[in-house]
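> Following this message is one structure expressed as structure tokens.
Bear in mind these aren't lab numbers, they're just calculated from the coordinates by the rules spelled out. These figures come from a predicted structure and were not determined experimentally. A quick note on method: Cβ atoms are made from the backbone with ideal geometry, for glycine too, and the neighbour counts reach across all protein chains shown.
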Amino acid sequence: MVMAAASLLCLTIASLPSHGWAQSDSADSNPSIAQQIADSDLQPVNSTKALRSSEQSVVRVLVVYRGYGGVPLDTVGMGSGFVVAPGYIVTNYHVIQVPPEASSADIYIVPHKDSGASYQPVQLVKPWVEGDLALLAAPGLKIPPLKLYLTPYKNERVVSMGYPDVTDHLLNRSGTALLEPADAYVTQGSIALFASTNPDGSRVETLFHTAPINHGNSGGPLLNECGQVVGVNTWTAPSTMSAGGNLDISAGQFVATHVSALNTFLSSAGVSPGLVSAPCYAKSEDEIVKDDALSRVLAAAAEAQVQRLAEQKKAEADRATLERLQLGAMIVLSGLVLVLIGLIIRREILHRAEIHRKEHGAPTAFSDETPSESPKPGKTKPVRAERVRTDHLEKVRTAITSRVKHPIPWGWIFLAAVIIIAVATFLIKDHDIYRRLTKPKVAAPVAAAAAVHMVCAIDKAASSNPLSDAGPVEFDFDAIHACVNDRTPYEPQANGTLLRFTTGDANPVAARMELAADATTFIRYEYRMEPAQYAAFKGQMSALGSFRCSAHADQGALTALADNLARVRGLSQTYLTMAPETKTVWRCAPQTGQG
């Protein structure tokens, strides 16, 4: 019987499916989510590095005019250019064009200060008067050329690079100082319009954009965010004179010769520039850092989700296996109980039969205890004889029962008890499977988004020429979203500060506001601008639009806000190149006693 029960238990366990344990490796066969996210084909170009590298290929073009007799004239022509092929530079034709009062001109280029080259003379190879382009040869020039992207699109973000006259004027650069390598002036904007003619009326493809240029930018490149040429800056709208009468201020319309026209011109001159066909997918270094951090968080979350699902599947399979084991154990336990009951009953029957067989005349559980002979009426046996017979029967019973084994099978009962205890322990044990299936989810950390009310007072010692009407300031500050009063956004900077630009309504004044990351310091710089320049600046700021911040904004709104703030910063830094008129510093602290 015991062997049969053990065989039944083994058969039950052997019949259970074994695939439950095999599923534990299923998650290992899945490709890493982090590797998918980090696919190099999907990574953007670092526009900060790409544009920094491209800037080294931008040169200043200087033209020394000579009068009749070879005497240098007092006036000097200035513009910009860029390397398009080894030893070749492109600029505007009007930059190197000889005026009527001169008989000839000497052309020089001054490379960027990081290129490692110095100024050198160049020769005109081919002009294109209608397209206002000129190809210059610079033998021995070791500056790498820029590549051309032939299919720019509307609203594409672009960058103008060059050496505008107004910058040299403000920095007091003139004479031989212009022969010293310097940084290029960089502005940002986007493509606004494509046209099939240029402002001179010639049938030349052009594009309008919003990356500010001034006189001296002529011939410089218009680049996309990957540092690839999409145009040659050539025209600005009719300018107005500044209040001082000595500076030309652009009216906000900027025009470049389309890169396709440039490519046609170079091909006609036998020059083969580097061409790029893949669209530009680029982000600034700050954006990439933020995206990388977000990607790592998303990858970790995705990997954790995959692992959790794999563990859940394995736990479910293990639970099914456990339930089958429990069912098998219950069946075996029930069988053992039945076997035990049967053994006890059988042993009792055999025991009673043995007693009945050996005690011939003794009463048993299956016979009446009626004496075989009844005393006849009238005859009474002697009392002594009856007593002797009774004593004899009692001795017989004692002898028989002493020779028959006790009917209770203690060994079987002990074995059954051990099995029952083992099975019961298995059934009621707190298995790890249930803990895995019912493991409580860890609540996602919720950042404390409550705004802190800040109270600020002017730090007169740190304020140079502060605002005359400045006083104490109070505001609600949300550090997580860089948001003031639940509507005014600030842009986080690499140095940890928060930045915002704005314009005034009544006066031609623009402001740059800096806020410490913990809002304990607030600085406001104000810049007074010329009316025409201010009007152009404010018009472009209005075109960019104004976004509000909120602690409840979704990811799409946050991305749009970050992009808007970056555009506003780029535009503002283009215009606000002068020294600030005022600087006011506030020191702030959280208001005490908040609930």
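> Measuring from label point to label point, each 7 Å out along Cα→Cβ, what is the Ala557 to Gln307 span in nm?
Label-label distance for Ala557 and Gln307, simple model: 3.4 nm.
> Assign one of three labels to segment 46-278, namely rounded, prolate or oblate, based on the Cα gyration tensor with a ≥ b ≥ c the square roots of its eigenvalues; rounded applies when a/c is under 1.5, prolate when it is not and a/b is larger than b/c, and oblate otherwise.
Rounded is the answer for segment 46-278, as its axis ratio a/c remains below 1.5.
> Full extension from Met330 to Ser174: what is 0.36 nm times the residue separation minus their Cα-Cα distance, to one decimal in nm?
46.1 nm
> Once phi is turned into ³J(HN,Hα) by the Karplus curve 6.51 cos²θ - 1.76 cosθ + 1.60 with θ = phi - 60°, what whole-Hz value does each residue of segment 140-149 show in order, with x for glycine and proline?
With coefficients 6.51, -1.76 and 1.60, one gets x, 5, 9, 7, x, x, 7, 9, 9, 10 Hz.
> Would you please state which residues of segment 474-497 a label at Ser546 would reach in this model, taking the label point 7 Å out along Cα→Cβ and a backbone N cut-off of under 20 Å?
In segment 474-497, the label zone of Ser546 (backbone N under 20 Å from the point 7 Å along Cα→Cβ) covers 474-478, 482-492.
> Counting other beta carbons within 10 Å of each residue's own, what order do Arg567, Arg487, Arg347 fall into, fewest first?
Arg487, Arg347, Arg567
> Determine ³J(HN,Hα), in whole Hz, for all residues of segment 341-354 in sequence, where each value follows from phi through the Karplus function 6.51 cos²θ - 1.76 cosθ + 1.60 and θ = phi - 60°; x replaces Gly and Pro.
4, x, 5, 5, 4, 4, 5, 5, 4, 4, 5, 5, 5, 5
> Roughly speaking, what is the stretch gain from Thr502 to Arg528, that is 0.36 nm per residue apart minus the C-alpha to C-alpha distance, in nm to one decimal?
Value of the extension gain: 8.1 nm.
> Right, something else. Measure out, as a whole number of angstrom, how far apart the alpha-carbon centroids of segment 209-225 and segment 299-327 sit.
60 Å
> Sticking with this one: Which residues' amide hydrogens lie under 5 Å from the amide hydrogen of Thr488, considering only partners 5 or more residues apart or on another chain, with H built in the peptide plane?
Cys549
> Run the numbers for Leu73 and Ser468: contour at 0.36 nm per residue of separation, minus the present Cα-Cα distance, in nm.
Working: separation 395, 0.36 × 395 = 142.20 nm, distance 4.98 nm.
That works out to 137.2 nm of additional length.
> If I model a spin label at Ser277 and Asn495 as a point 7 Å from the Cα along the Cα→Cβ vector, what separation in nanometres do I get?
4.6 nm
> Okay, moving on. Could you calculate the FRET efficiency of Val289 with Ser190 from 1/(1 + (r/R0)^6), where r is the beta carbon distance between them and R0 is 25 Å, rounded to 0.05?
After rounding, the FRET efficiency stands at 0.60.
> Here's a follow-up. Listed here are the pairs Lys154/Lys283; Lys113/Lys538; Lys147/Lys283; Lys283/Lys583; Lys290/Lys538; Lys113/Lys142; which of them are more than 21 Å apart at the Cα?
Pairs exceeding the cut-off: Lys113/Lys538; Lys283/Lys583; Lys290/Lys538.
> Report, by chain and number, residues whose modeled amide H sits under 5 Å from the one on Gly162, excluding near sequence neighbours (fewer than 5 apart, same chain).
Tyr185
> Once the other residues with Cβ under 12 Å from the Cβ of Val64 are scored (Lys, Arg +1; Asp, Glu -1), what is the net sum?
Local charge sum for Val64: -1.
> Through the Karplus equation 6.51 cos²θ - 1.76 cosθ + 1.60, θ set to phi - 60°, convert the phi angles of segment 301-307 into ³J(HN,Hα) values in whole Hz; use x for Gly and Pro.
5, 5, 4, 5, 5, 4, 5
> Decide, for segment 452-590, between rounded, prolate and oblate: order the square roots of the alpha carbon gyration tensor eigenvalues as a ≥ b ≥ c, take rounded if a/c falls under 1.5, and otherwise choose prolate if a/b is larger than b/c, else oblate.
oblate
> Between Val125 and residues 5 or more places away or on another chain, which pairs have amide H atoms under 5 Å apart, with H built 1.01 Å from N, and which residues are they?
Under 5 Å from the amide H of Val125 lie the amide H atoms of Leu135, Leu136, Ala137, each far enough along the sequence or on another chain.
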